[in-house]
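Contents: one structure, followed by commentary.
The numbers here are math on the coordinates, done by the rules we state, and not lab data. This is a predicted model, so every value here is computed, not measured. Glycine gets a Cβ as well: all are built from the backbone with ideal geometry, and neighbour counts include every protein chain shown.
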C-alpha cells in the first residue's frame, strides 16, 4: 500500500504503510479509497520486504541454476554471528569476532573507518530503509565486492543508522573470501521466520560456477541470518545448505516456507510451550484470535511495540479502508480493542504514542493517542483540507491551499506542524509493513513465540 504525500517540510516522502511517520501536511494524494490506489513506490520503486529478483515486490522469481551451492559454496558448518554492540553516534561500533568454526575474526567498524570487509560501490536497488526489530529504523545496505586484491572477494552487507554503521553481516568464508565469483544480489527479505519477536533476514544471491561443465554459468545461493534481542545476526550456514539441497525452486517464498516449517519442527522437538506456560497477555490474545477475530474481514495481522511495558499490541489490518485497523492491547486481564480510522497509522516504539493519519478527497487529519493506565486516549487532533473540494485553490508552487486547525483552533501550516511536533515526534515514528502481514495461523504462532 503506497501513498505519496507531501509534508510541510517541503520534501516528498512516500507512505508505504510500512515505515513513514504520521504527518501528511499538504495532501497531494495521500490515502486513496483502497490500498494500492496510488502507483508510486517507496524506496525508488523497491519495497524492502519480500523482494523479487529485480527488487520488485513479491516472492521473487526462481533463481537460475539448480539452487544448490554444494561443497564449493564456502559456507561454514558453524553459524557465525555479527555481535554488534550499538553505541552512541560517532563512537563507532565494536563487533565481536565470529563464533568458533568460521575462522574469521572481523573487526569493529567505526564511522569513516575502512576496517571490516573491504567493499566496493553500494548496490542501490538492493539497499533499503526498513524497520528491523530491535534496531528500529535502519538502512540495510548491499555493497559490491572489492576485487582489487582478490577476485573471489564477496558481497558485503551493512546495517546503518543515521549515517553510522551499526554492524556488518558475517560472510560465509574466512575474510569474506569465497570460492566462486559473485554475480549479483537477487532478493532480500526481512521477516521474523522463527517468531521470536526479532526480525531475521533472507538473502538470495547469484554466483558463477568456477569449474566443471557449468563453469561461468550463474546459479543461486541462499543465506539465512537469524536476528537476536541484542540486534546481532547469526548466519545459519547449515540451515542455508539444507534449504538449497531440499528446494528445487529458490525464491523468497520457498525459502521462507522452508525455514518456518523447520523452526516449527525444532520447537516441537524441544518441547513447545503449552498455553498454560504462556504469559497472561499471550493467552488473552490467543483467546481473542480464536473467538472474536474474523480472518475473512482482515488483510492480515501484525504485532507492534507501542507500549513501554514490554507487551506488544496485536493489529488487525482490515481488508479495505472502510474496515480500517484495530489495535488489540492487553488490559484488565483481557484483550481490549481500539478502532482506528482507515488503514494508516504510525507509532513511537515503547513511547506509548500512536498517530492515526489518514484522509481522502482533500480532507486529512492527524489523531494522536496515548496509551496510559491500560487505556488508549486521544490527546490531540489536527485537521486540514479544503472547505470545498470542488473548488480547491493552489499557490504559486502548485500546492493546494488548505485550511488548518489544531485542537479546534485555526492555525497556519507552519503552526500546525509545530503543534503536532509538541505531542508527537514524527521523526521517531514507524509503522507496520502492509506487504508483510501474518495470516491468522501465523500470528497465533508469533504470539506464542514472542519473547
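General remarks:
- For a paramagnetic label modelled on residue 121 (point 7 Å from Cα along Cα→Cβ), amide N atoms under 12 Å away are absent within the range 170-205.
- R0 of 22 Å, Cβ-Cβ distance residue 339-residue 442: FRET efficiency to nearest 0.05: 0.45
- Span from the the range 283-332 Cα centroid across to the the range 196-233 one, whole angstrom: 33
- Sorted by Cβ neighbour density within 10 Å, fewest at the top, the residues 160, 396: 396, 160
- The calculated FRET efficiency for the pair residue 253 and residue 150, based on their C-beta separation and a Förster distance of 35 Å, comes to about 0.55.
- Taking other Cβ atoms within 10 Å as a rough exposure proxy, 199, 435 sort from fewest to most as 435, 199.
- Likely footprinting exposure, 426, 155, fewest C-beta neighbours within 10 Å first: 426, 155
- Contact order relative to length of the range 278-449, as percent, for alpha carbon pairs under 8 angstrom and 6 or more apart: 19
- Segment residue 373..residue 361, full-extension length gain: 0.7 nm, with 0.36 nm per residue of separation and the alpha-carbon distance subtracted.
- Note on residue 387/residue 422: beta-carbon distance plugged into 1/(1 + (r/R0)^6) with R0 of 30 Å gives a FRET efficiency of 0.70.
- Translational diffusion of the range 278-449 was estimated from the Stokes-Einstein equation, with Rh taken as the Kirkwood radius over Cα pairs; at 20 °C and 1.002 mPa s the coefficient is 123 µm²/s.
- Euclidean distance between Cα centres, the range 418-451 to the range 334-404, Å: 17
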